[in-house]
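The structure appears right after this line, and notes come after that.
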Amino acid sequence: MGGPSVGLWLPEERSVLDAVPWLEDFCGIRPEGDGSGAFDFSVLRTASLDRAGLPRLRGPEEAAVGPFHLGPESLEDERACGFPGLGRPPAVELALLAYSSGPDNHLLLGHLALFLGEHFDALIDFGGLLSPLPRSPLPGRLLEMPYAMEDGTPGYSHVADRVFLRAWLGREGFRMVK
């Protein structure tokens, strides 16, 4: 999987099955799997994703985007560090990733993460540290969250609320972590 990815930290137990009907209605996806645990999909229309104040997306027919993958992800490495700074730890993580890179995939992944995050009331785990961070602060909350790496040393990932992601999406040089 060569593109950017993001984790959605949900406050309650939910599954991919909870996302499929919403995605189908919201952006007209074409599922490429049974959705029982994880599935791949292509976005068929972006009109619902083009919200005021966010960079406009080119339609799937105009851009080289997708497919995308949505599936459950383990929070074991994060649980080992105790989620410092989060009052309540997430119940589950859904991983959302693009199979390809490029500006269109980064932007569409960011839009999907924002709106799925709103649907599930989720925090956004960028899967690494954002680089470069904007010089001027953005609204919202951005945390450096530790996780346990295989060798026992801590790694770090930026985790943000949706207010931050919305602002980050509108910045020049926006990119998701790859």
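The values are calculated or read from the model by the stated rules, or taken from the named source; none is laboratory data. Since the model is a prediction, treat every value here as computed from it, not as a measurement. FYI the Cβ positions are ideal-geometry reconstructions off the backbone, even for glycines, and counts take in every protein chain you see. Remember, those area values only see protein heavy atoms, side chains included, never the ligands or the DNA or RNA. Shrake-Rupley method; radii C 1.70, N 1.55, O 1.52, S 1.80 Å.
If we count every other residue with Cβ under 11 angstrom of residue 106's Cβ, Lys/Arg +1 and Asp/Glu -1, where does the sum land? List each step's numbers first, then the result.
Details: positive: 175, 178; negative: 104.
So the surrounding residues net to +1.
Which percent of the accessible heavy-atom area of segment 62-178 goes to carbon and sulfur, probe 1.4 angstrom? Please list the in-between numbers first.
Working: 2870 of 5570 Å².
With neighbouring chains kept in place, the figure for segment 62-178 is 52 percent.
Considering only protein heavy atoms and a 1.4 Å probe, what is the carbon-and-sulfur percentage of the accessible area of segment 4-45? Intermediate results must be reported in sequence, preceding the final value.
On the way: 890 of 1870 Å².
Reported share for carbon and sulfur atoms: 48 percent.
Based on DSSP H runs of at least 4 residues, each adding -39500 (n - 2.57), what is the mean residue ellipticity at 222 nm of the chain after dividing by all its residues, to the nearest 500 deg cm²/dmol?
Numbers: 4 runs with 42 residues, N = 178.
One gets -7000 deg cm²/dmol as the mean residue ellipticity at 222 nm.
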Counting every C-alpha pair in segment 61-117, the percent lying more than 15 Å apart is 59 percent
Lys and Arg at +1, Asp and Glu at -1: add these up for the other residues within a Cβ distance under 11 Å of residue 157 and post the number.
-4
Output wanted: per-residue J couplings in Hz (rounded whole) for segment 16-21, from phi through Karplus 6.51 cos²θ - 1.76 cosθ + 1.60, θ = phi - 60°, x for Gly and Pro.
4, 4, 6, 8, 4, x
Between 133, 49, 70, where does the largest GNM mean-square fluctuation fall for the chain, given springs only between Cα atoms within less than 10 Å?
133
To the nearest 20 debye, the chain has a Cα-centred charge dipole, built from +1 on Lys and Arg Cβ and -1 on Asp and Glu Cβ, of 820 debye
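R0 = 22 Å: FRET efficiency of residue 144 with residue 172, Cβ-based, nearest 0.05?
Details: r = 23 Å, r/R0 = 1.05.
About 0.45, to the nearest 0.05.
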What does the convex hull of the Cα atoms of the chain come to per residue, in Å³, rounded to a whole number?
116 Å³
Across segment 97-110, in residue order, what do the Karplus-derived ³J(HN,Hα) couplings come to in whole Hz, using 6.51 cos²θ - 1.76 cosθ + 1.60 with θ = phi - 60° and x for Gly and Pro?
9, 9, 6, 10, 9, x, x, 5, 5, 4, 5, 5, 4, x
Whole-Hz ³J(HN,Hα) from phi, Karplus 6.51 cos²θ - 1.76 cosθ + 1.60, for segment 67-84, glycine and proline x:
x, 10, 10, 10, x, x, 9, 6, 9, 4, 5, 6, 4, 4, 9, x, 6, x
Using a Gaussian network for the chain with springs between C-alpha atoms less than 10 Å apart, which of these wobbles most: 117, 155, 87?
87
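Contact order normalised by length for the chain, with contacts defined as Cα pairs under 8 Å and 6 or more residues apart; what percent is it? Don't jump to the answer; show the numbers that get you there.
Details: 366 pairs, mean separation 51.4, N = 178.
Normalised by residue count, the contact order of the chain is 29 percent.
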Among 79, 30, 88, whose mean-square fluctuation peaks in a Gaussian network model of the chain (Cα, cutoff 10 Å)?
88
Taking only protein heavy atoms into account and a 1.4 Å probe, give the accessible area per residue of segment 52-151 in Å².
50 Å²
